[in-house]
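Q: Mind looking over this structure? Questions follow.
The values are calculated or read from the model by the stated rules, or taken from the named source; none is laboratory data. Just so it is clear, the structure is predicted and the values come from calculations on it, not from any experiment. Note that each Cβ is placed from the backbone with ideal geometry, even for glycine, and that neighbours are counted across all protein chains shown. SASA here: full protein model, heavy atoms, side chains in, ligands and nucleic acids out. Shrake-Rupley method; radii C 1.70, N 1.55, O 1.52, S 1.80 Å.
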Number of protein chains: 2
Amino acid sequence: MSSKATIAIVGQVRDVVVVGAGVVGSAIAYELSRRGADVLVVDYRGVGRGATQASAGMLAPYSEADRPGPLLTLGVRSLDLYDDFIDNVRADSGRAVAYARDGTLQVAVDEWEAERIERWAIELTASNVPCSFLDAAAARSAEPLLTPHARAAILIRAHGHVAARELALALVEAARARGATWHEPEPVRRVAALDRDMRVETSTSAIVARRVVLAAGSWSGSVAIEGLPPVPVRPVRGQLLQLAWSGEPLRRIVWGSGCYCVPMSDRSVLVGATVEDVGFDERATVDGVRGLLDAACALVPRAVEAGFLEARVGLRPGTPDALPVVGPAGGMPGLVYATGHYRNGVLLAPLTAAFVADLVIDGRRDPALDGLSPDRFSADPPGPLLDETHHAQPEV
Amino acid sequence: MSSKATIAIVGQVRDVVVVGAGVVGSAIAYELSRRGADVLVVDYRGVGRGATQASAGMLAPYSEADRPGPLLTLGVRSLDLYDDFIDNVRADSGRAVAYARDGTLQVAVDEWEAERIERWAIELTASNVPCSFLDAAAARSAEPLLTPHARAAILIRAHGHVAARELALALVEAARARGATWHEPEPVRRVAALDRDMRVETSTSAIVARRVVLAAGSWSGSVAIEGLPPVPVRPVRGQLLQLAWSGEPLRRIVWGSGCYCVPMSDRSVLVGATVEDVGFDERATVDGVRGLLDAACALVPRAVEAGFLEARVGLRPGTPDALPVVGPAGGMPGLVYATGHYRNGVLLAPLTAAFVADLVIDGRRDPALDGLSPDRFSADPPGPLLDETHHAQPEV
């Protein structure tokens, strides 16, 4: 049954093993469990300990995608799912999850940026996206704590934010309530096909499942997939500060050229984020912390009076084309990728969970997955195409 | 025996109860134990969790006291004890304690400071303190990582530093090895005389001892002393950063006008410290962290490449005359104060421990204690003077 006789197989054959308990893996585990699958999640770091822990939880597709295209389409679709997603998670977990859709105020402090923002407002309005261009006075009126140097701003009403790690922890509870189980063994080293099933191996044990979902974020490339190249995700470090706020709260997310400030509550503001290509280095740095503090105090001068709670660091899983990797690879239909969400893991979690559950449970493949296949990075054309009729409906 | 029948008395009568497990209380507990006393230390926050945890552990009496006087005399005396103190603690605890006597390099970046430093070097040299005045080139040669804006520096060779919380933890181990015990109940609320003994009360329990040492740092004033006014210590907040260093290490402590940088190891630098009169507020602040980061990068530009590990906060116990409070009060000879060390708790720990042990064990009173009595703050003259022959030699 296995070429590695020294590795003990743990437990029963599961319907699905999800590798990775960040916000994406947890959302997938919850959605699969909701639809009746028997799910095991493995993550030796614990829940939400990768990029999720250092995410400001911004839900801002119009800002994250700087032009129309698949990322914007995915972001808007996922944002549309968010109200129901949060309602379900809250109900099934019994936990509070901080979530707000107060909009974002994106601020220009020079004439060039002000003009860019004005053009952007015109374009969004033409696309029926509710937004307002605000001149300096209107911007200060919308957010009295804003720097007096603000020249203009755009208010995008649909945007919002969610407490990312709180969400991941609630997703875990919600999935548990629906029967999912959690396991924190050693790191997963290898995924291999095993007859019609799949095998997930650490250095000392193995789990057998009908399907495997790879949702390991920046660490996805370190899981060896038998017969396939590693998925080309790359860690992109983000540093984030948590401040203790007092006095008049920020009314909504304020976003400048050097940072964004996210009021998680009247008493807590997150300031993010650096974008750094430094490999698997999860340290905060003097340069990063100082840059964020300076930018926050420049954007919202009252930040200088805030308490400094901590600097957090996360490694976002970047991909060569800045799009996520979702769906099966040609060479191994039992494995579904759900990684490479870069800065948008929180935003795209509900849509990714729906995509994966549609595939695994219902055998439906959303057309949007065509652009998200892991095969797009292979130099060689993939092997035989996925035989969807054979694998799309496992006995779960 | 007690007017508070509802409070249970815990354990046997101890020789000495030390209230407070910071570096001062721990050093006293160790010294008393070394000399044969049966010691119990109480601190509900744990070991070194007050000012000690945010101390850079600088041993720099010539810099801390800006003129000749009792603080300088105490500091120099205590510094002279330090080598033996560390040897003993290491031997009795079996622990490593980072300790170095590499000197301090105090740096001037403008002409006014350079002249002040030069006068200071002349005065110290006249007092036979080994030091060197360095011009800009010599300063950069002594410390290649120094800012190119350095105009002059003074190198004071006797200075050094010790890892403060590491020291407190080692002192605890060393005292335990000598028979002391530790207790972390609720906060101590009240100390009272009880016949010839003393009684230390929390809200639910009491301990009886022959002598009590009050070493609760900034919290000393919140312990009610029966029949005496609270000791007027006042918290003075200090924020300190711990940086992860890489590349060429700092050679010794570098001290500028806005901060000092203390190389605890080749890979770890502490940057201190703010001095803030904000009451019992143990938060780090945006203003404090930003100020220290800016000052460190100005003094040692390579700091910008360092990792940011954490901001720590401590409340130093300040007193009206900036001198510690050591010795018994007139009204209650069974209670010995050992608090109010402000910025010099780590430096003065071995001398304070010797003073207290001399008093409690041997009945000897160092003449230096005349200036450190708690009675100096009383508006009213103290009650009957301490009858030292009666109380100086408890049966320990």
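Q: Does any residue in region B:356-373 that is closer than 22 Å to B:Ala322 by Cβ come within less than 7 Å, Cβ to Cβ, of a residue that is in a loop (DSSP other than H, G, I, E, B) and open to solvent by 20 Å² or more (accessible area, probe 1.4 Å) six or more places away or on a different chain, and which pairs are these?
A: Cβ pairs passing all conditions: B:Gly371/B:Leu323; B:Leu372/B:Leu323.
Q: Here's another thing I want to ask about it. So for region A:154-169 (the condition being over 27 Å from A:Arg267 (Cα atoms) and either of a type outside the set (Val, Ile, Thr) or surrounded by fewer than 20 Cβ atoms within 10 Å (Cβ to Cβ) (or both)), does at least one residue qualify? Explain how you work it out, then say what you get.
A: Initial filter on region A:154-169 (over 27 Å from A:Arg267 (Cα atoms)): none.
No: region A:154-169 contains no residue that is over 27 Å from A:Arg267 (Cα atoms) and either of a type outside the set (Val, Ile, Thr) or surrounded by fewer than 20 Cβ atoms within 10 Å (Cβ to Cβ) (or both).
Q: Same structure again: Checking the structure you have, find out if any residue of region A:224-245 is over 30 Å from A:Glu111 (Cβ atoms), within 14 Å of chain B (Cβ to nearest Cβ) and assigned to a loop (DSSP other than H, G, I, E, B).
A: Scanning region A:224-245 turns up at least one residue that is over 30 Å from A:Glu111 (Cβ atoms), within 14 Å of chain B (Cβ to nearest Cβ) and assigned to a loop (DSSP other than H, G, I, E, B).
Q: Of the residues A:Ala209, A:Ala192, A:Ala216, which is within 21 Å of the chain's Cα centre (by Cα), crowded, with 18+ Cβ neighbours inside 10 Å and assigned by TED's automatic domain parsing to the domain that holds A:Ile28? Before you say what the answer is, go through the steps one by one.
A: On the way: A:Ala209 fails: within 21 Å of the chain's Cα centre (by Cα); A:Ala192 fails: within 21 Å of the chain's Cα centre (by Cα).
Going through A:Ala209, A:Ala192, A:Ala216 in turn, the sole match is A:Ala216.
Q: Moving on to the next point. If you take the residues in region A:252-287 that are of a type in the set (Asp, Glu) and within 14 Å of another protein chain (Cβ to nearest Cβ), which one is surrounded by the fewest Cβ atoms within 10 Å (Cβ to Cβ)?
A: A:Asp281
Q: Only one of A:Gly48, A:Gly20, A:Gly57, A:Gly25 is touching a residue at least 60 places away in the same chain (Cβ under 8 Å) and in contact with a Lys or Arg (Cβ under 6 Å, 6 or more places away or on another chain); which?
A: Working: A:Gly20 fails: in contact with a Lys or Arg (Cβ under 6 Å, 6 or more places away or on another chain); A:Gly57 fails: in contact with a Lys or Arg (Cβ under 6 Å, 6 or more places away or on another chain); A:Gly25 fails: in contact with a Lys or Arg (Cβ under 6 Å, 6 or more places away or on another chain).
Of A:Gly48, A:Gly20, A:Gly57, A:Gly25, the one residue that is touching a residue at least 60 places away in the same chain (Cβ under 8 Å) and in contact with a Lys or Arg (Cβ under 6 Å, 6 or more places away or on another chain) is A:Gly48.
Q: While we're here: Checking the conditions here, which among B:Leu72, B:Leu145, B:Leu79 is open to solvent by less than 60 Å² (accessible area, probe 1.4 Å) and in the same structural domain as B:Gln242 (by TED's automatic domain parsing)?
A: The match here is B:Leu145.
Q: Condition first: small (Gly, Ala, Ser), under 28 Å from the mean Cα position of the chain (by Cα) and open to solvent by less than 40 Å² (accessible area, probe 1.4 Å). Now tell me which residues in region A:122-142 satisfy that.
A: If we filter region A:122-142 for residues that are small (Gly, Ala, Ser), which is where we start, we get A:126-127, A:132, A:136-139, A:141-142.
From what's left, under 28 Å from the mean Cα position of the chain (by Cα): A:127, A:132.
Listed by number, the list holds a single entry, A:Ser132.
Q: Within region A:293-322, work out how many residues are out of contact with any helix residue (DSSP H, G or I) (no Cβ under 7 Å at 6 or more places or on another chain), among the aliphatic types (A, V, I, L, M) and within 10 Å of chain B (Cβ to nearest Cβ).
A: Looking only at that region, the number is 1.
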